[in-house]
Amino acid sequence: MNDALALPVGTTLDRFIMRKQEDFPYATGELSQLLRDMALAAKIVSREISRVDQDTSGKFGKTNVQGEEQQKLDVIANIRFIRALRNGGEVCAIVSEEDEDIIHTGNQNAKYIVAMDPLDGSSNIDVNIPIGTIFGIYRRLSEGGQDGTLEDCLQKGTQQAAAGYILYGASTMLVYTTGRGVNGFTYEPSLGEFFLSHPDIKIPKNGKQYSCNEANMGHFPLGIQNYIAFCKEQKYSSRYIGSLVADFHRNLLKGGIYFYPGSSKNTAGKLRLLYECNPLAFIAEQAGGQATDGVERILDKQPSALHERCPLVIGSTEMIEKVRKYM
Ligand code: AHG
Ligand code: MN
Ligand code: MN
Ligand code: MN
């Protein structure tokens, strides 16, 4: 059963969440409120991005735990999402790409954990190319009345209660799943509302475009190199803009495959399991696609560290199956 059935395009996100609340008898509204809190922060970050000026563009001047130079908007987005989740009261702990340790919100009786990439595609911030936010939501395993634990944060992707992304592009879109299909909402700034614009998203079983950084080709596993050669023989298009969320969203709607494989330079690749691979893998599967590390299903992987990286191959089922044959 998909969430979107029986709700017309143009339904607001609030009404959509409320309406779906009825379908979850066990739910007592916290997850719904948490989704609203994410949407609130998304509106604020969307506004910051749309008016990038000298106060919000350029380097922040620090390096994050990933060894990346933080951009000012990385930090601004991180602060906005943490503040919205802390004030919303539904989250006891947050894992963020931009913070080495678990962020404890002080909401010690809250039921949920959020793993997030507050700003994905940072290299594109100052050149007006689409960027995004990625998030995964987990139910805490530990008892209430205390801070969220490391074990709460290191759950498999199959344990996500919800996952989504925001794409700050020509329009700002929120796409999410709670395990009952994937639905997309487009933000109307003049009204301050997200409206259902892409109900029941399904990724085409096959596609004719592939996304990867071919500059690293020589370091890819041989199987991936052979698959890329196959794509060229089939005259597929190469589409890669350096923002995972934007490349993933295009492939989700049109069919295609994105991969950031491990390489001889870095066997685990670049992307982070908790807040990039897992949330998008949940969405891909809910939309009828797949996500692997080349062979193994992403959602089955047991995380052992907050910022661990893993190779990612994600998109149309038939393309993923083809890659598996080459590995
Ligand atoms: P982030 O900006 O959150 O660090 O993620 C960037 C990721 C992903 O969005 C993108 O597809 C990839 O890094 C680009 O990496 P390369 O520049 O190595 O291709
Ligand atoms: Mn980064
Ligand atoms: Mn990212
Ligand atoms: Mn990021």
| task | Calculate the spin-label point distance for Ile241 paired with Lys202, positioning each point 7 Å from the Cα along the beta-carbon direction, and give it in nanometres. | result | 2.6 nm
| remark: In degrees rounded to 10, the 0-90 angle between helix 72-88 Cα long axis and the longest Cα principal axis of the chain is 40 degrees
| query | Once the Cα atoms of helix 30-50 and of the chain are each reduced to a long axis, what angle between those two axes, in degrees from 0 to 90 to the nearest 10, is obtained? | reply | 70 degrees
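Within the chain, what's the longest stretch lacking GluC sites (Glu not before Pro) that sit in DSSP loops with no more than 15 other Cβ atoms inside 10 Å?
Numbers: sites that count: Glu22, Glu68, Glu100, Glu143, Glu296, Glu308.
Result for the longest clean stretch: 144-295.
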| Where nothing but the Cβ of Lys and Arg (+1) and of Asp and Glu (-1) is charged, how large is the charge dipole of the chain around its Cα centre, in debye to the nearest 20? | 940 debye
| query | 222 nm [θ] for the chain, helices only, -39500 (n - 2.57) per DSSP H run of 4+, per residue, to 500? | reply | -9000 deg cm²/dmol
| task | Give the angle, between 0 and 90 degrees and rounded to the nearest 10, that separates the Cα long axis of helix 244-254 from the longest principal axis of the Cα atoms of the chain. | result | 80 degrees
| remark: Taking a crude spin-label model, label points 7 Å out from Cα along the C-beta direction, the Lys254 to Leu141 distance in nm is 4.1 nm
| remark: Here the FRET efficiency for Ala170 versus Arg19, based on Cβ atoms and R0 = 41 Å and rounded to 0.05, is 0.90
| task | Give the Rg (one decimal place) followed by the Dmax (whole number) of the chain, computed from C-alpha coordinates and expressed in Å. | result | 18.8, 59
| task | Kindly state, to the nearest 0.05, the FRET efficiency for Ser190 paired with Thr63, given R0 = 35 Å and r defined as their beta-carbon distance. | result | 0.35
| remark: Label model pair Arg297, Met327: point-to-point distance (7 angstrom along the Cα→beta-carbon line) in nm is 1.3 nm
| query | Using a Förster distance of 35 Å, how high is the FRET efficiency between Asn266 and Thr28, based on the Cβ-Cβ distance and rounded to 0.05? | reply | 0.20
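Just so you know, all these numbers are worked out from the coordinates, no wet-lab data involved. Note that the structure is a prediction, hence the values are computed from the model and not measured. We place every Cβ from the backbone using ideal geometry, glycine too, and count neighbours over all the protein chains shown.
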